[in-house]
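Contents: one structure, followed by commentary.
The values are calculated or read from the model by the stated rules, or taken from the named source; none is laboratory data. These figures come from a predicted structure and were not determined experimentally. Cβ coordinates were reconstructed from backbone atoms using ideal geometry, including for glycine residues, and neighbour counts include every protein chain displayed. In case anyone asks, the SASA skips ligands and DNA or RNA and just uses the protein heavy atoms, side chains included. Shrake-Rupley method; radii C 1.70, N 1.55, O 1.52, S 1.80 Å.
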Amino acid sequence: VIKLEGERLHDDDDVVTELRFCVPPGRQEFLHHMAEFKDTLEGEYVVDEAQVPIARFTDITLVLPRGKFEVQLFGTNFRMHGKSASHAVEYGQVRRLFLLPKPDGKSVAFVLILNPPLMQGKTEYSQLVLPLETSRPVSIVTAGDKNVDLQAKEEGELAEVLPRVFKSLSGHAAVGPAAGFASSNGFHCVNCAHKTFEGHLYFLDDCLLFVNRPCCVIRYKDIKEVEFQRIDSGRTFDLVVVTKIGLENQFSAIEKTDLDAVRNFLNSKQVGGAEPPAKQARTE
């Protein structure tokens, strides 16, 4: 019997603690070789800290790419392990983090902008979208790098702890909605549809962001002009955003009660076509 003593870094780690060998009768010379093997094995039984996650979260749902994953965060990258696919992303690929409260008050959208994108088969994912519950408590034991600004045990709601760990390891703070925008219901976003998918359009300090899928990020400085359509009939209107390179993105079925808030906020960002109607008439 060879017993191995190693540090169990997490309660649910699978580790080898014992090896048992059967020595046939009359072959006692093998015991000498087993002693040498035991000394060699114990000398090699060293935990590789580079392969030990600093923190990990289980049962994390992703909208893009779709699935449930275990998310493991290491010193230089994070890894996502699902039933049918696993991914490794370097923190250098992470350009921005967004944390966007949903109107239902029960979850937030945690969005990671990647460049270069994550590849799954032939599909590129430039954004990862994680809906995180605000009522799910988590308690994780962290390990590893002393330079990481984390407690030995991080506790709180999932929607707070996961972004906090990502901030510490990636160096990016999660950006929230702009304080200067509020819909008619007091939210930082408006309900709408984009490419037949229903979702929420958020107004941030430097960009528009639509979630959940397809996730769309448009910086104000890249917008040539916006157009408000169907504002004279019905209860909703459409917002068409034209970029300087000629791409059009349409956000449909926005409540008419949010028209002034959307127009005024985009006008404050000096976006073309967002001027109030009276000013547009004088310009013409």
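Mind checking which residues of segment 179-211 are open to solvent by less than 40 Å² (accessible area, probe 1.4 Å) and assigned to a loop (DSSP other than H, G, I, E, B)?
Within segment 179-211, PHE181, SER183, LEU204 qualify.
State yes or no: is GLN250 more than 24 Å from ALA109 (Cα to Cα) and either among the aliphatic types (A, V, I, L, M) or open to solvent by 60 Å² or more (accessible area, probe 1.4 Å) (or both)?
So GLN250 does not fit the description; no.
Just checking, how many residues over segment 51-65 are under 27 Å from PHE197 (Cα atoms), open to solvent by 10 Å² or more (accessible area, probe 1.4 Å) and not in a strand (DSSP E or B)?
1
Residues of segment 118-128 being closer than 23 Å to ILE218 by Cα and open to solvent by 30 Å² or more (accessible area, probe 1.4 Å), which ones?
MET119, THR123, GLU124, TYR125, SER126, GLN127
Does LYS106 satisfy the criteria of being open to solvent by 50 Å² or more (accessible area, probe 1.4 Å), in contact with a Ser or Thr (Cβ under 9 Å, 6 or more places away or on another chain), more than 17 Å from LEU169 (Cβ to Cβ) and at pLDDT 90 or above?
Here the answer is yes, as LYS106 does meet what is asked.
Could you please find all residues in segment 251-269 being among the hydrophobic types (A, V, I, L, M, F, W, C) and without any contact (Cβ under 8 Å) to a residue 40 or more places away in the chain?
Answer for segment 251-269, where residues must be among the hydrophobic types (A, V, I, L, M, F, W, C) and without any contact (Cβ under 8 Å) to a residue 40 or more places away in the chain: just LEU259.
Among the numbered conditions (1) of a type outside the set (Asp, Glu); (2) open to solvent by 50 Å² or more (accessible area, probe 1.4 Å); (3) without any contact (Cβ under 8 Å) to a residue 40 or more places away in the chain; (4) under 23 Å from VAL217 (Cα atoms), tell me where HIS81 comes up short.
For HIS81, the exception is condition (4).
When you go through (1) more than 30 Å from ASN77 (Cα to Cα); (2) in a loop (DSSP other than H, G, I, E, B) one by one for ILE254, which number turns out not to apply?
Of (1) more than 30 Å from ASN77 (Cα to Cα); (2) in a loop (DSSP other than H, G, I, E, B), only one is false for ILE254: (2).
Within segment 129-159, which residues are surrounded by fewer than 16 Cβ atoms within 10 Å (Cβ to Cβ) and either in a strand (DSSP E or B) or modelled with pLDDT of 90 or more (or both)?
Hits for segment 129-159 are GLU133, THR134, SER135, ARG136, PRO137, SER139, VAL141, LYS153, GLU155, GLY156, GLU157.
Examine segment 227-237 for a residue that is outside any loop (DSSP other than H, G, I, E, B), within 27 Å of LEU64 (Cα to Cα) and open to solvent by less than 50 Å² (accessible area, probe 1.4 Å), and state whether such a residue exists.
No, every residue in segment 227-237 fails to be outside any loop (DSSP other than H, G, I, E, B), within 27 Å of LEU64 (Cα to Cα) and open to solvent by less than 50 Å² (accessible area, probe 1.4 Å).
Return a yes/no flag: does segment 250-258 have any residue that is at pLDDT 95 or above, within 17 Å of SER184 (Cβ to Cβ) and in contact with a His (Cβ under 9 Å, 6 or more places away or on another chain).
So far as segment 250-258 goes, yes, one or more of its residues are at pLDDT 95 or above, within 17 Å of SER184 (Cβ to Cβ) and in contact with a His (Cβ under 9 Å, 6 or more places away or on another chain).
Name the one entry in LYS68, LYS38 that is modelled with pLDDT under 80, surrounded by fewer than 17 Cβ atoms within 10 Å (Cβ to Cβ) and out of contact with any helix residue (DSSP H, G or I) (no Cβ under 6 Å at 6 or more places or on another chain).
Of LYS68, LYS38, the one residue that is modelled with pLDDT under 80, surrounded by fewer than 17 Cβ atoms within 10 Å (Cβ to Cβ) and out of contact with any helix residue (DSSP H, G or I) (no Cβ under 6 Å at 6 or more places or on another chain) is LYS38.
Only one of ARG230, ARG219 is farther than 23 Å from PHE98 by Cβ, touching a strand residue (DSSP E or B) at 6+ places or on another chain (Cβ under 8 Å) and not aliphatic (A, V, I, L, M). Can you tell me which?
The unique qualifying residue is ARG230.
If LEU266 meets every condition in (1) assigned to a helix (DSSP H, G or I); (2) modelled with pLDDT of 95 or more; (3) open to solvent by 70 Å² or more (accessible area, probe 1.4 Å) apart from one, which number is that one?
The number of the failed condition is (3).
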